[in-house]
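Asker: So that we are looking at the same thing, I have put the structure below in C-alpha cells.
The values are calculated or read from the model by the stated rules, or taken from the named source; none is laboratory data. All values derive from a computational prediction rather than experimental measurement. As a convention, Cβ positions derive from the backbone with ideal geometry for all residues, glycine included, and neighbour counts pool all protein chains shown. Accessible surface areas use protein heavy atoms only, side chains included; no ligands, DNA or RNA. Shrake-Rupley method; radii C 1.70, N 1.55, O 1.52, S 1.80 Å.
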Amino acid sequence: MTLIPEPAPAFRGRRLRRTPALRALVRETRLHPAMLVAPLFVRPGRGVREEIGSMPGQHRLSVDQLPATAGRLLDAGVQSVLLFGLPESKDAEGSGAWADDGIVQEAIGALRSAVGDELAIIADVCLCEYTSHGHCGVLRGLSVDNDATLPLLARTAASLAAAGADIVAPSSMMDGQVAAIRDAVPDAAILAYAAKHASAFYGPFREAAGSAPAFGDRRTYQMDPSNGREAISEIRADLEEGADMIMVKPALPALDLVAAARDAIDVPLAAYQVSGEYAAICAAAERGWLDRRAAALESLTAIARAGAGIVVSYFALEVAGWLNEMDR
Ligand SMILES: [Zn+2]
C-alpha cells in the first residue's frame, strides 16, 4: 500500500500555543478580581462564623465579622459584595426585609463604617428570606400575589438604599418589580435579576439562606429553564422599567442567554454562578474527580467569554487570590 502524503495544513493554531507567553499574548478573555462579586450571608449574633454544609468554604457571618471579610476581599482586589440576610424572625409579609434595623441594613452600616466607599455594596431585594412561608412575595391563598408584593419590594429597596446600598438587586421575578423600585429609589442603581430560571442549581442556597418554600415551588414566577427568547423579553422589560444593569441566573446552565443578552443590550451584564454550580465543583474536587482551581477558573472564564462583564461567584475571593498569584 502506498501512503499519499497529506497536504500541509495552512492553518496552524499550534504556532500561537507553543509557550505560556504566546498563550498569554493571544488570550481573548481575562478574568480580573474587580469584575467579581462575592455573595455574603449575614445572620444574627456576635462572633458567629458558621460554615454552610452544602457550600464548603462559605459561611453565615454575624455583622461584626463583615469588616474583616471585606478587608480580605479588598486586599485581593474584589470590590463588590452581594448581601443576603437571615433575620431573627419571619412573618407572612416578610417585614424583616424593610426594617430599618433589619439584618442587611445593619450589615450595610457596618461595612460602610469599616471601609467607606471602597466596596460597592449590592443588596438583594426579595422577601423569601423573610417570609414564614419562604415564597418571594405575599400570598393570596396558595399563590403569590404579584401586585400586592410590589409595594413591599419598593419599601425594602428604599430601606436598603437609605442604609447605604449602592445597588439594589430585585430577584423575586414579580412583574413590574423594577418599575416599583425605580420610583422608590431614585439614586441607587438597580441590578435586575431579569432572566432568572427556576433552576435546580439553587438547592444549596436555600440551606444557606433558610429560604426554601414551605409548600410548592417558584415556577409560577421564576422562568421555565426551557425558555431563551422569553429571557430577552424579560430583560427588555426590566430595562424599560429603569434597570441600570441586568443579571442572568444561573450562569453555566444559561450561557446561551448570557451571550444573547450581551448581543441584545448595552448596559452592564452580570451572571450569577449559583450555589449548585459552586457546590458541584467543590464536591467533585473533594472526591478527587476535578481539580478545584482549574475547574473554578475555567467555569468563570467561560461565563466571562459568553459576555458577562460582572460575575457573581462564591469562588470570588479564592479566584482573586489565584489571579493575583498568576499575575506575579
Ligand atoms: Zn426570593
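Asker: Only one of these is under 17 Å from residue 97 (Cα atoms) and crowded, with 20+ Cβ neighbours inside 10 Å: 135, 197. Name it. Write out each step before concluding.
Answerer: Values: 197 fails: under 17 Å from residue 97 (Cα atoms).
Answer to the check: 135.
Let's see how each residue does on (1) farther than 24 Å from residue 320 by Cα; (2) of a type outside the set (Val, Ile, Thr); (3) in contact with a Cys (Cβ under 9 Å, 6 or more places away or on another chain):
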position: 10; (1), (2), (3): yes, yes, no
position: 35; (1), (2), (3): no, yes, no
position: 65; (1), (2), (3): no, yes, no
position: 68; (1), (2), (3): no, yes, no
position: 72; (1), (2), (3): no, yes, no
position: 94; (1), (2), (3): yes, yes, yes
position: 97; (1), (2), (3): yes, yes, yes
position: 102; (1), (2), (3): yes, yes, no
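Asker: Let me ask you something else. Counting only residues that are of a type in the set (A, V, I, L, M, F, W, C) and within 13 Å of the ligand (Cβ to nearest atom), how many does the range 124-165 have?
Answerer: Of the residues in the range 124-165, the ones of a type in the set (A, V, I, L, M, F, W, C) are 125-128, 136, 138-139, 142, 144, 148, 150, 152-154, 157-158, 160-163, 165.
Within this subset, residues satisfying the condition of being within 13 Å of the ligand (Cβ to nearest atom) are 125-128, 136, 138, 144, 152-153.
Of the residues in that region, 9 qualify.
Asker: Now for a different question. Check 238, 266 and return the single one that is outside any helix (DSSP H, G or I), at pLDDT 95 or above and out of contact with any Lys or Arg (no Cβ under 8 Å at 6 or more places or on another chain). Spell out the reasoning first.
Answerer: Numbers: 238 fails: outside any helix (DSSP H, G or I).
Sole residue among the options that is outside any helix (DSSP H, G or I), at pLDDT 95 or above and out of contact with any Lys or Arg (no Cβ under 8 Å at 6 or more places or on another chain): 266.
Asker: Among the candidates 150, 160, which residue alone is buried (at least 17 other Cβ atoms within 10 Å of the Cβ) and without any contact (Cβ under 8 Å) to a residue 40 or more places away in the chain?
Answerer: Values: 160 fails: without any contact (Cβ under 8 Å) to a residue 40 or more places away in the chain.
Answer to the check: 150.
Asker: Between residues in the range 207-230 that are free of Cβ contacts under 8 Å to residues at least 60 places away in the same chain and within 18 Å of residue 251 (Cβ to Cβ) and residues that are part of a helix (DSSP H, G or I) and open to solvent by less than 30 Å² (accessible area, probe 1.4 Å), which pairs lie under 7 Å by C-beta distance while being six or more apart or on different chains?
Answerer: Partner pairs satisfying both residue conditions: 223/231; 228/257.
Asker: Give the residue that is nearest to the ligand (Cβ to nearest atom), with candidates limited to residues of the range 203-251 that are open to solvent by less than 10 Å² (accessible area, probe 1.4 Å) and closer than 24 Å to residue 60 by Cα.
Answerer: 211
Asker: May I ask you to list the residues in the range 257-282 that are more than 23 Å from residue 206 (Cβ to Cβ) and open to solvent by 20 Å² or more (accessible area, probe 1.4 Å)? Talk me through it step by step, then tell me what you get.
Answerer: First, the residues of the range 257-282 that are more than 23 Å from residue 206 (Cβ to Cβ): 258-269.
Matches in the range 257-282: 259, 260, 262, 263, 264, 266, 267, 268.
Asker: I'm checking my understanding of the structure. Among residues of the range 195-217 that are within 13 Å of the chain's Cα centre (by Cα) and in a helix (DSSP H, G or I), which one is farthest from residue 148 (Cα to Cα)?
Answerer: 201
Asker: I'd like to verify a number: residues in the range 177-191 that are in contact (Cβ under 8 Å) with a residue 60 or more places away in the chain and either more than 16 Å from the ligand (Cβ to nearest atom) or hydroxyl-bearing (Ser, Thr, Tyr) (or both), how many?
Answerer: 2
Asker: Has the range 48-68 got at least one residue that is touching a Gly at 6+ places or on another chain (Cβ under 8 Å), in a loop (DSSP other than H, G, I, E, B) and open to solvent by 10 Å² or more (accessible area, probe 1.4 Å)?
Answerer: Yes, because at least one residue in the range 48-68 is touching a Gly at 6+ places or on another chain (Cβ under 8 Å), in a loop (DSSP other than H, G, I, E, B) and open to solvent by 10 Å² or more (accessible area, probe 1.4 Å).
Asker: Now, a different point. What residue, among those in the range 123-132 that are closer than 14 Å to residue 40 by Cβ and open to solvent by less than 10 Å² (accessible area, probe 1.4 Å), is farthest from the chain's Cα centre (by Cα)? Steps first, answer last, please.
Answerer: We begin by selecting, within the range 123-132, every residue closer than 14 Å to residue 40 by Cβ; these are 123-124, 129.
Still in the list and also open to solvent by less than 10 Å² (accessible area, probe 1.4 Å): 123, 129.
Values: 123: 11, 129: 16 Å.
Among residues in the range 123-132 that are closer than 14 Å to residue 40 by Cβ and open to solvent by less than 10 Å² (accessible area, probe 1.4 Å), the one farthest from the chain's Cα centre (by Cα) is 129.
Asker: Scanning the range 177-194 for residues that are under 18 Å from the mean Cα position of the chain (by Cα) and of a type in the set (Val, Ile, Thr), which turns out surrounded by the fewest Cβ atoms within 10 Å (Cβ to Cβ)?
Answerer: It comes out as 190.
Asker: Out of the range 93-121, which residues are open to solvent by 10 Å² or more (accessible area, probe 1.4 Å), away from the ligand (no atom under 15 Å from the Cβ) and not in a helix (DSSP H, G or I)?
Answerer: Of everything in the range 93-121, those that are open to solvent by 10 Å² or more (accessible area, probe 1.4 Å), away from the ligand (no atom under 15 Å from the Cβ) and not in a helix (DSSP H, G or I) turn out to be 99, 100, 101, 120.
Asker: Here is a list: 254, 285. Which entry is open to solvent by less than 30 Å² (accessible area, probe 1.4 Å), touching a residue at least 40 places away in the same chain (Cβ under 8 Å), small (Gly, Ala, Ser) and outside any loop (DSSP other than H, G, I, E, B)?
Answerer: On the way: 285 fails: touching a residue at least 40 places away in the same chain (Cβ under 8 Å).
Sole residue among the options that is open to solvent by less than 30 Å² (accessible area, probe 1.4 Å), touching a residue at least 40 places away in the same chain (Cβ under 8 Å), small (Gly, Ala, Ser) and outside any loop (DSSP other than H, G, I, E, B): 254.
Asker: Are any residues in the range 1-34 of a type in the set (A, V, I, L, M, F, W, C), in a helix (DSSP H, G or I) and open to solvent by 100 Å² or more (accessible area, probe 1.4 Å), and if so, which ones? If you could, list the steps in order and put the result at the bottom.
Answerer: Of the residues in the range 1-34, the ones of a type in the set (A, V, I, L, M, F, W, C) are 1, 3-4, 8, 10-11, 16, 21-22, 24-26, 31, 34.
Still in the list and also in a helix (DSSP H, G or I): 16, 21-22, 24-25, 34.
Within the range 1-34, 25 is the sole residue that qualifies.
Asker: How about the range 166-176: which of its residues are within 16 Å of the ligand (Cβ to nearest atom) and not in a loop (DSSP other than H, G, I, E, B)?
Answerer: 168, 169, 170
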